[in-house]
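Everything below concerns the one structure shown next.
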2 protein chains.
Amino acid sequence: MPNYDHHVFICTNERGPDASRPSCGHEKSKAFKGLLKDAAKKAGLKGRVRVQETGCLDQCEHAPVVVVYPEAVWYGFVGKKDLVEIVEQHLVGGKPVERLRLPESCINNEHCPHREKK
Amino acid sequence: MPNYDHHVFICTNERGPDASRPSCGHEKSKAFKGLLKDAAKKAGLKGRVRVQETGCLDQCEHAPVVVVYPEAVWYGFVGKKDLVEIVEQHLVGGKPVERLRLPESCINNEHCPHREKK
């Protein structure tokens, strides 16, 4: 069974209390990682999908952030109730959850409307 | 500038001293992350390529391991001297470094020849 059908990365970075940008680790992302893993396992995806934490994905103003490869689908402002939907609709069904998806204009763009001017 | 041309993940997981599997964090991968970032920046890829650490990629017997998305190219047994080659040939030139690439038969396969039987 080579490679993964989907490789899911969730940022768990925590910035210090005086940081100027928010961080996913303060938005429950560590717990979300476990919930995503459990949901994927329950959906029968063990070995076909890998869910894991990463350092900062640099999309901090959309925390908590998840990116799914190889399709490069970015999710932002993910809530606990969204996790099962991501697993069932996207990882099982192959259809990204459009309502959670970050638009291209938000990704890797310092002029994104969510990003405060420094 | 939406999305990244390449998103590079390097495992920096460290297992405990009695672990039955090796780990990338013991193979200098934390330092390698910084070297990869520096090489990418020097190559003019800032903003187009992101290099970051991850938790365990579960390909431990090939440590240190790097995976590049969206093309899902896996590198194993990466050495310090290989890092600039990955940046220049793959991230700049678009051609994966075949000599470092893990074969599909090694990825996500517990019967991979590098993996000791438990």
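The values are calculated or read from the model by the stated rules, or taken from the named source; none is laboratory data. As the structure is a computational prediction, the values presented were derived from the model and not from experiment. We place every Cβ from the backbone using ideal geometry, glycine too, and count neighbours over all the protein chains shown. We work out accessible area using only protein heavy atoms, side chains counted, and drop any ligands, DNA or RNA first. Shrake-Rupley method; radii C 1.70, N 1.55, O 1.52, S 1.80 Å.
On association of chains B and A, roughly 2100 Å² of accessible area becomes buried (total for both chains; probe 1.4 Å).
Comparing B:77, B:106, A:87 along the charge dipole axis of the protein assembly as shown, the residue lying farthest to the positive side is B:77, per the Cβ-charge model. Sorted from closest to farthest, the other copies place their residue B:93 label points 4.4 nm away, with each point set 7 Å from Cα along Cα→Cβ. Would you mind classifying the protein assembly as shown by shape? Square roots of the alpha carbon gyration tensor eigenvalues, ordered a ≥ b ≥ c; an a/c under 1.5 is rounded, otherwise it is prolate if a/b is larger than b/c and oblate if not. Oblate, because a/c is 1.5 or more while a/b does not exceed b/c. Here the average projected area of the convex hull drawn through the C-alpha atoms of chain B stands at 7.2 nm². The dipole here belongs to chain B: it is taken about the Cα centre, uses +1 on the Cβ of Lys and Arg and -1 on the Cβ of Asp and Glu, and is about 380 debye. Compared with the dominant principal axis of the Cα atoms in chain B, helix B:29-42 is inclined by about 10°. Across identical copies of the chain, residue A:16 has label-point separations of 3.1 nm, listed in ascending order, with the point defined 7 angstrom from Cα along Cα→Cβ.
Structure note, pairs B:37/B:80; B:46/B:81; B:41/B:81; B:33/B:81; B:42/B:81: Cα-Cα distances above 19 angstrom occur for B:46/B:81. Qualifying chymotrypsin sites (Phe, Trp or Tyr not before Pro) in region A:1-96, where qualification requires a DSSP coil assignment and no more than 16 other C-beta atoms within 10 Å, comprise A:77.
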